[in-house]
Amino acid sequence: MSGAGVERDGTPASSDAPGAYTATLDEPEPHGDPVHGPRPRPPAAHVVHRGPGPLDRPGLRWLRVDALGLSLAVTAGTLAMTPSLIPRTWFVQGLASGLSAAVGYGVGSLVWFLLRRTRRGLRVIAQVRALTPRGVRQVAWTILLVAAAVVVLVMLLVGAMWQRRLSGLVGMEPPGYLGYLRAAPTAFVVAAVPVAVVRMIRHADHVLVRGLRRYAHLSRRISAAVAVVVLAVVITAVTDNVVLQGSLTLADRAFGGVNEETYPGVEQPTAPTRSGSPRSLVPWATLGKEGRRFVAVGRDAATLAAASGRPALDPVRAYVGLESAPDAQARADLAVAELDREGAFSRGVIAVVTTTGTGWVDDPVADSLEAIWGGNSAIVATQYSYLPSWLSFLVDGPRAEEAGRSLIDAVHARIQAIPPGQARPKMIVFGESLGSQGSEAAFSSLADVRASADGVLWVGPPNSNRLWSQIVDRRDPGTPEVRPTYSDGLVVRFAGGPNARTVARTPATPWIAPHVLYLQHPSDPVVWWSPDLLWSRPDWLVEPRGGDVLGATSWYPVVTFWQVTVDLTDAVGVPPGHGHVYQGELLDGWAAVAPPPGWTPTDTERARRVLALPG
């Protein structure tokens, strides 16, 4: 079948080797150059015979595919249909399979290219060709294409079955079998885009090499080297200055405009215990969209009293927006001044919150803490970005760390300045997702955490968190990565899902104050995503799977990386207790980390009912 780009005897022809020219018996020999003369042919035994097929005509050569590349593309694309952490829609499955298939095709094409450029590789190809019956070679492409179609169809149906089981495991509506088949054309389009880009680069390389040989009279080797350098410089410059910087500039403008908006129904507070009020040091207009909502909403005193079982105060909420001060340190200093104005240092507890990318503070974070303490609390946060969390996760790590470090250090210094003998509030630390990374950055070690804070609650920590990684790597032998035990739970504990309610009693060993607690789910891709997934099997895919992850979930080089990467896009699209959704466990987290004197599990359940939190 020569139309797919095959050799004269039926062997598929390579079409995706980067920057190379292959002499064939049906092509005229190049005339050479004035310096080196004609380029000699390779030995006859190693010349690859290729006859012209329909796709060898000008304008159609771009449609040729490489047999080995296609085989690995189908393999990688179908492996991506195995389950991972989050139930996938057909579109998300198409993304995962398409990205994996593109990498598989590239690897296969590169291997085929290297085989054809070495004598040993050509001998192997010749031996395989000699051992393959001529009749099989003539229908090789038909066999390959039919087999690929069958494998993709079968794996799509099996993949839909896995997704239905995973959806049931986390309490979601399962996908239909027929609708799931739409993943196949989506994967094809997604895979075709990077392949087309690489082919355009190859074409540019060939044109540049021919131009250098014809007009600069350079040898082929020198021309090829110069072409590679020129293209590398151009691609790097375009990617950095046009694609990345342009995309970030557009995102900055777009989301900067969103930051200026105000949620419907959100009005400027009048209470002096809220930032943005008429007496506040922080102007209402500078708080940003999420900051304005944070200070304007909250449970009333009657609700807090019913939840805590005691008379309630009006809780303090201090917030400093990105536009409220010029840099992270100035925002932290303004936040402390605002806390002073609001009387926060006379409250029982101050929670220092490092926000997510947009400056968001989840309602259950604030509501749960204020309910437990009956409003005898203060919560302070600063904004370091207005990009959405998924984008902020990629580009705002250093800013999150600077914001967390500056605010925690400033509040801690102010508390330490309270004269001896006077009551000091407890300082507790909170961070969710990227906020936990910024919050962790304020501490050099676990000992530093214990020396500086009166309790820590870190939720959904990214895999790149330094302290989290160190603690998990040093977990007690025999405890799994998804639910580790560190030093018998003496200082740090891990919880999430149903066991969040019993964290104070699991393991049944003393938990000395101050308590440090991580909430994490086995199915949270934010926790388990890492570049290492490209080449290394993580412990959580070696050990028994977590309760909301299918046992069929496994690790495949490159493929698992793309699976978990696309899982990030829907990490909050699952019910509470799974993925990156922790609303139902925050009350239990606060009760374990920083309960007021005399607080009991019965009090926690009463607060849960009053706040109508999932659990």
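Please give the helix 183-215 orientation as an angle from the longest Cα principal axis of the chain, in degrees from 0 to 90, rounded to the nearest 10.
Tilt of helix 183-215: around 60 degrees.
Just the accessible area for Leu144, please: 1.4 Å probe, Å², rounded to the nearest 10?
In the full protein context, Leu144 sits at about 40 Å².
Rank Phe113, Phe294, Phe188 by accessible area, highest first, at a 1.4 Å probe radius?
Phe188, Phe113, Phe294
So if I place +1 on the C-beta of Lys and Arg and -1 on the C-beta of Asp and Glu, and nothing else carries charge, what would the dipole magnitude of the range 305-449 be about its Cα centre? I want it in debye, nearest 20.
Charge dipole, the range 305-449, about its Cα centre: 460 debye, nearest 20.
Provide the per-residue ³J(HN,Hα) series for the range 275-280, in order, calculated from phi with Karplus coefficients 6.51, -1.76, 1.60 and θ = phi - 60°, each as a whole number of Hz, with x at glycine and proline positions.
5, x, 6, x, 8, 6
Amide H neighbours of His515 under 5 Å, counting only residues 5+ apart in sequence or on other chains, H built in-plane at 1.01 Å?
Val456
Roll a 1.4 Å probe over the protein heavy atoms and report the accessible area of Met155 in Å², nearest 10.
Accessible area of Met155: about 40 Å².
Listed highest first by mean packing, meaning other Cβ atoms within 10 Å per residue, what order do 437-446, 600-609 come in?
437-446, 600-609
Mean residue ellipticity at 222 nm from the helices of the chain, using -39,500 (n - 2.57) per DSSP H segment of n ≥ 4 over the full residue count, to the nearest 500 deg cm²/dmol?
Per the formula, -14500 deg cm²/dmol.
Cα centroids of the range 354-431 and the range 122-161: how far apart, whole angstrom?
58 Å
Please turn the phi angles of the range 585-598 into ³J(HN,Hα) values with the Karplus equation 6.51 cos²θ - 1.76 cosθ + 1.60 (θ = phi - 60°), one per residue in order, whole Hz, x for glycine and proline.
Whole-Hz 3J(HN,Hα) from phi for the range 585-598: 10, 5, 4, 5, x, 4, 5, 7, 8, 9, x, x, x, x.
So, by mean Cβ neighbours within 10 angstrom, what's the order for 127-139, 565-577 with the highest one leading?
By packing density, highest mean first, the sequence is 565-577, 127-139.
Mind giving me the FRET efficiency for Ala612 and Trp535? R0 is 51 Å, r the Cβ-Cβ distance, nearest 0.05 is fine.
Plugging the Cβ-Cβ distance into 1/(1 + (r/R0)^6) gives 0.65.
With θ set to phi - 60° and the Karplus curve 6.51 cos²θ - 1.76 cosθ + 1.60, what are the ³J(HN,Hα) couplings of the range 69-82 in order, to the nearest whole Hz, using x for Gly and Pro?
Karplus-based 3J(HN,Hα) across the range 69-82 equals x, 5, 4, 6, 5, 5, 4, 5, x, 6, 4, 5, 7, 6 Hz.
Explain nothing, just the number: dipole magnitude of the chain about its Cα centre with +1 on each Lys and Arg Cβ and -1 on each Asp and Glu Cβ, in debye rounded to the nearest 20.
My answer is approximately 2480 debye.
Only loop residues by DSSP count here, and only those with at most 13 other Cβ atoms within 10 Å; note down the trypsin sites (Lys or Arg not before Pro) in the range 70-122 that meet that.
Arg117
What is the sum of charges, Lys and Arg at +1 and Asp and Glu at -1, for the other residues whose Cβ falls under 15 Å from the Cβ of Leu533?
-4
Taking H as built 1.01 Å from N, whose amide H comes closer than 5 Å to the amide H of Val572, not counting residues under 5 places away?
Here the answer is His580, since their amide H atoms fall under 5 Å of that of Val572.
To the nearest 20 debye, what is the magnitude of the charge dipole of the range 249-361 about its Cα centre, counting +1 on the Cβ of each Lys and Arg and -1 on the Cβ of each Asp and Glu?
Dipole about the Cα centre, nearest 20: 340 debye.
Dipole of the chain (Lys/Arg Cβ +1, Asp/Glu Cβ -1, origin at the Cα centre): which of Val527, Leu434, Gly577 lies farthest to the positive side?
Val527
Which one, Val282, Val593, Val516, projects farthest toward the positive side of the charge dipole computed for the chain from Cβ point charges (K/R +1, D/E -1)?
So the residue we want is Val516.
What FRET efficiency comes out for the pair Thr118/Val158, r = Cβ-Cβ distance, R0 = 35 Å, nearest 0.05?
E(calc), rounded to 0.05, equals 0.35.
Would you mind checking the tilt of helix 119-131 against the longest principal axis of the Cα atoms of the chain, expressed as 0 to 90 degrees and rounded to 10?
Taking Cα atoms only, the helix is inclined about 70 degrees.
The values are calculated or read from the model by the stated rules, or taken from the named source; none is laboratory data. What you see is a predicted model, and the numbers here were worked out from it, not measured in a lab. Every residue, glycine among them, receives a Cβ derived from its backbone with ideal geometry; neighbour counts consider all protein chains shown. Accessible surface areas use protein heavy atoms only, side chains included; no ligands, DNA or RNA. Shrake-Rupley method; radii C 1.70, N 1.55, O 1.52, S 1.80 Å.
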